[in-house]
Every structure is written in structure tokens, then in C-alpha cells.
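Coordinate-derived values only; no laboratory data. Since the structure is predicted, the reported quantities are computational estimates derived from the model, not experimental observations. Quick reminder, even Gly has a Cβ in these numbers, built from the backbone with ideal geometry, and neighbours come from all protein chains shown.
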Amino acid sequence: LGFVRSCLQGGFQAQLAGNPTLHDMFGVDARALNDAGTASMSKLEKRLFKSKASEQSKIADQKMSRQRRKRNNIKNSFLTADDDQI
């Protein structure tokens, strides 16, 4: 597998999807690979789920902001006069 990957480099998945020799080598059912490729998202679904304005992206951004703020507060907690835990 490592040899084939090094020869094909970045095109391994594309070759695995369409190359009958690789299908035989790895015992892959070509129909299963092709069926999985046709179940892609529409343009609207991509925009709703993958864009920076999507709900998932907004939630992830808020979570990362909270983590940064908490990490920064912990790192600078020695500056506070009282010994309250954050």
C-alpha cells in the first residue's frame, strides 16, 4: 500500500475509484465506490454545511473563542489580586 501511495502520490483516491487494476489488487468493489461518489451534496447543502456562514461554522468559532479566552484567563490568572479560580 505504501509503494502504491508513493507512486500515485495525491491521486490515490481518484485512481482507486476508477482504476480496475487497483480494484483487483485491493479487492475493492467498483460499484460500491461509484455509488458512494454519487451521494454528494447539492450546491445548497454545501453552502449550508461547509461555508463560513453556516451554523456549524458559527458554533465552532464560538467554541474556539471560548477556549482561547479561558486559556488566556488561566495563563494570566497570577495577575489577579484575589486567588479566585477561573
The range 1-80: C-alpha gyration tensor shape, a/c 1.5 cut-off, then a/b vs b/c: oblate
Length gained when the stretch Asn19-Ser57 is fully extended (0.36 nm per residue, less Cα-Cα span): 10.1 nm
Cα-projected label distance for Arg69 with Arg47, points at 7 Å along beta-carbon direction, nm: 3.1
